[in-house]
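Report on one structure; see the data block that follows.
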Amino acid sequence: MNNPCFRLATPQDLEAMHHLNAQSFAEAWSRQAFDDAWHHGYDMVLYIGDKGDLIAYYLAQSIVDETEIMQVTVSKKHREEGIGFALMRYALDLKPEQHFFLEVRESNQAAIALYQKLAFQIVDRRKKYYKARVHAEREDALVMSYASSKKIGQ
């Protein structure tokens, strides 16, 4: 057994990321999308459990001084253990000069609360951004933004 740790993803991790993605998102990415993200230099940070298994990942695209956070997911059996917060804090600290933004389903109150705890602010709304869940209308996305104090103070 190993100690749980954060680390950057390697190509060998993409299959496990795809598997966790499929378990976590109604609109899951294809395996090819993970390969493409890797080849385009997306930021991929993992949280690996003590048995060497993938517990959570962060996936984002950085361009110059902006980072769009595409996905953050924690395996269902490890939610509400603080792993999402720790993973996000770790990823944000890797790029202290960046301005971060993301979209989140308006109904995803747990994620919104997590992002607000990290000092993300709601800055916009995208009407009917997400596909409908079963028997529902399309759902709005909240756009949230974060800039570290280093960035703000400059």
Subset of the stretch 40-58 (residues that are farther than 16 Å from K77 by Cβ and aliphatic (A, V, I, L, M)):
M44, V45, L46
Output yes when any residue across the stretch 60-80 is farther than 24 Å from Y129 by Cβ, free of Cβ contacts under 8 Å to residues at least 60 places away in the same chain and touching a Pro at 6+ places or on another chain (Cβ under 8 Å), and no when none is.
no
Go through (1) at pLDDT 90 or above; (2) under 17 Å from the mean Cα position of the chain (by Cα); (3) within 28 Å of H40 (Cα to Cα); (4) not hydrophobic (A, V, I, L, M, F, W, C) one by one and return the number of the condition G82 breaks.
(3)
Quick check: is even one residue across the stretch 113-133 exposed (fewer than 14 other Cβ atoms within 10 Å of the Cβ), under 21 Å from A28 (Cβ atoms), among the basic types (K, R) and modelled with pLDDT of 90 or more?
yes
State whether one or more residues within the stretch 91-100 are among the basic types (K, R), over 14 Å from the mean Cα position of the chain (by Cα) and loosely packed, with under 14 Cβ neighbours inside 10 Å.
no
What are the pairs with Cβ atoms under 7 angstrom where one residue, in the stretch 118-135, is farther than 22 Å from M88 by Cα and small (G, A, S) and the other, located anywhere, is in a strand (DSSP E or B) and at pLDDT 95 or above? Sequence gap at least six, or different chains.
none
Hey, can you tell me all the residues within the stretch 8-33 that are closer than 21 Å to L94 by Cα and not charged (D, E, K, R)?
L8, A9, T10, P11, L14, M17
When the stretch 27-47 is examined, which residues are found to be assigned to a loop (DSSP other than H, G, I, E, B) and surrounded by 11 or more Cβ atoms within 10 Å (Cβ to Cβ)?
A28, W29, S30, Y42
Residue count, the stretch 7-26, condition within 14 Å of the chain's Cα centre (by Cα), surrounded by 17 or more Cβ atoms within 10 Å (Cβ to Cβ) and either touching a residue at least 40 places away in the same chain (Cβ under 8 Å) or within 20 Å of A86 (Cα to Cα) (or both), comes to 5
V64: of a type outside the set (D, E) and surrounded by 12 or more Cβ atoms within 10 Å (Cβ to Cβ), yes or no?
no
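The values are calculated or read from the model by the stated rules, or taken from the named source; none is laboratory data. All figures in this text were calculated on a predicted structure; none of them were measured in a lab. Cβ coordinates were reconstructed from backbone atoms using ideal geometry, including for glycine residues, and neighbour counts include every protein chain displayed.
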